[in-house]
Amino acid sequence: MRADTESRPLGEPAGPARQGSAIGWLAAVPESARWALGAAVLAALPWLTINDYQHFLLNIMMINIILAVGLNIVKGFCGQVTVGHIALAAIGAYSSAVLTVKFGFPFWVALPCAMLIAGLAGVLVGVPSFRLEGAYLALATLGLAEAVRIFISATAYLGASEGFGGIPAPSIGSFVMDDHVVYYYITMPLALLGIYISFSILRSDVGRAFRAVREDVTAAAAVGINVRKYKLLAFVISALYAGCAGSLIAHLAPGFLHPNSFTIVEMVTVLLMIVMGGIGHIWGGVIGAVIVTIVFDLTREWQQYQLIAFGMVVVLTVLYLPRGIGGLIDRYLARRRFVAIRKARQDAA
């Protein structure tokens, strides 16, 4: 059910349920037009907000969507348990910062370079998955994440515990994109592109191989799937997303990075996004990223309790809503299809 629903973009239902509803009308619209409509709605969001902080929050939301979609590829599609995703974002962020501040690279060059560096780090993160699974792989990736944070905190070249500042905003000629509204028109298209690529991967042979590995490693190997290759590929693709998000974080005004922005709290927050949204469900993960970003911001006053609260929500969601918001969407669409098919048979009789 999940794979069938995910393979249709924008929650497109199948069969008779396509008719006679808003969802049916949307399904009748060509896919390219649906993406264009979504982009137009998102493009209008900054003009519906009332202050600069809300513009800043929109950028954080788009960056978190990129992080969540990337983590969903390795965790949701391929079934690999990792808690090192935030460390890959840190590598992307600091790589982009160093390239622009120390070497004078423009943002437009530093961004893809940071993604490539994070992708190489993803290879290192993915290698333990050859021999480790489940909680053991989670512990290994957690150790790597903490090692990255501690290394940054102890390295004066990276600002150490004082932080790394003076990171320039993107620019085109003399036009500097240091305004949050302008910067949104960088983060939003990249988030949309990331979602589209994620759907494309899921519908491809690579996506089918990922799902086979997730469901049963032994069975996948028995039918000729190179399990190691696809595990590693999932980690690398996920790392590319994390590197992109990290670079965007680095260049977001005021252009300052601190190692405490990449702790276990942030990792649990990103994990909550895909657990709440539905592991392996792309649109669910996007919705989860939006909800968690808003809730995280609203609960900043109780920062000391955030990790406890978010951890409890993860556990309760796994226990009582294992398929997350995406599972509810799947169930709703399945029910609509069933009702439409039954009605069609009754009318035919």
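Structural remarks
- Residue in segment 227-244 that is part of a helix (DSSP H, G or I) and without any contact (Cβ under 8 Å) to a residue 12 or more places away in the chain present: yes
- For Leu192, the conditions (1) closer than 26 Å to Leu48 by Cβ; (2) more than 19 Å from the chain's Cα centre (by Cα) are fulfilled apart from (2).
- Test: residue in segment 60-72 that is of a type outside the set (D, E, K, R) and either more than 16 Å from Met273 (Cα to Cα) or assigned to a loop (DSSP other than H, G, I, E, B) (or both): no
Residue-by-condition table, conditions (1) surrounded by 13 or more Cβ atoms within 10 Å (Cβ to Cβ); (2) within 30 Å of Ile50 (Cβ to Cβ); (3) out of contact with any strand residue (DSSP E or B) (no Cβ under 9 Å at 6 or more places or on another chain); (4) hydrophobic (A, V, I, L, M, F, W, C):
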{"position": "Ala110", "(1), (2), (3), (4)": "yes, no, yes, yes"}
{"position": "Leu116", "(1), (2), (3), (4)": "yes, no, yes, yes"}
{"position": "Arg149", "(1), (2), (3), (4)": "yes, no, yes, no"}
{"position": "Leu158", "(1), (2), (3), (4)": "yes, no, no, yes"}
{"position": "Ile172", "(1), (2), (3), (4)": "no, yes, yes, yes"}
{"position": "Tyr184", "(1), (2), (3), (4)": "yes, yes, yes, no"}
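- Test result for Ala154, under 18 Å from Ser261 (Cβ atoms) and without any contact (Cβ under 8 Å) to a residue 12 or more places away in the chain: yes
- Filtered by the rule that a residue be in a helix (DSSP H, G or I) and either without any contact (Cβ under 8 Å) to a residue 12 or more places away in the chain or basic (Lys, Arg) (or both), segment 172-191 gives a lone residue, Val182.
- Residues that are free of Cβ contacts under 8 Å to residues at least 60 places away in the same chain and not aliphatic (A, V, I, L, M) were ranked within segment 48-65; the one that is farthest from Leu192 (Cα to Cα) is Asn51.
- Members of segment 267-282 found to be touching an Asp or Glu at 6+ places or on another chain (Cβ under 9 Å) and not in a helix (DSSP H, G or I), listed by number: Gly278, Gly280, His281
- The lone exception for Ile308 - which of (1) surrounded by 14 or more Cβ atoms within 10 Å (Cβ to Cβ); (2) modelled with pLDDT of 80 or more; (3) in a helix (DSSP H, G or I); (4) not basic (Lys, Arg) it fails: (1)
- Taking segment 119-166 as the range and being of a type outside the set (S, T, N, Q) and outside any helix (DSSP H, G or I) as the test, the residues that pass are Arg131, Leu132, Glu133, Gly159, Gly163, Phe164, Gly165, Gly166.
- Residues within segment 76-95 that are closer than 16 Å to Val127 by Cα and either acidic (Asp, Glu) or surrounded by 24 or more Cβ atoms within 10 Å (Cβ to Cβ) (or both), tallied: 7
- Each residue in segment 118-136 was checked for being surrounded by 22 or more Cβ atoms within 10 Å (Cβ to Cβ) and at pLDDT below 90, and 3 of them qualify.
- Close contacts from segment 312-329, counting a first residue that is closer than 14 Å to Leu271 by Cβ and a second that is among the small types (Gly, Ala, Ser) and part of a helix (DSSP H, G or I), with Cβ to Cβ under 8 Å and a gap of 6+ residues or different chains, come to Thr317/Gly324; Gly324/Gly277; Gly324/Gly284; Gly324/Gly288.
- Segment 247-268, residues that are in contact with a helix residue (DSSP H, G or I) (Cβ under 6 Å, 6 or more places away or on another chain) and under 29 Å from Gly327 (Cα atoms): Val265, Glu266, Met267, Val268
- Residue that is nearest to Met61 (Cα to Cα) [pool: residues in segment 295-305 that are of a type in the set (A, V, I, L, M, F, W, C) and without any contact (Cβ under 8 Å) to a residue 12 or more places away in the chain]: Val295
A quick yes/no check of all residues on (1) under 22 Å from His258 (Cα atoms); (2) without any contact (Cβ under 8 Å) to a residue 12 or more places away in the chain; (3) in contact with a strand residue (DSSP E or B) (Cβ under 9 Å, 6 or more places away or on another chain):
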position: Ile86; (1), (2), (3): yes, no, no
position: Ala93; (1), (2), (3): yes, no, yes
position: Leu99; (1), (2), (3): yes, no, no
position: Phe103; (1), (2), (3): yes, yes, no
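- Matching option when the condition is at pLDDT 85 or above, aliphatic (A, V, I, L, M), closer than 30 Å to Leu158 by Cβ and surrounded by 14 or more Cβ atoms within 10 Å (Cβ to Cβ), among Val286, Val265, Val275, Val292: Val292
- Only one entry in Ala221, Ala169 is modelled with pLDDT of 90 or more and either assigned to a helix (DSSP H, G or I) or more than 30 Å from Leu37 (Cα to Cα) (or both), namely Ala221.
The values are calculated or read from the model by the stated rules, or taken from the named source; none is laboratory data. Source: prediction; values computed, not measured. Please note: Cβ atoms are built from the backbone with ideal geometry, for glycine as well, and neighbour counts cover all protein chains shown.
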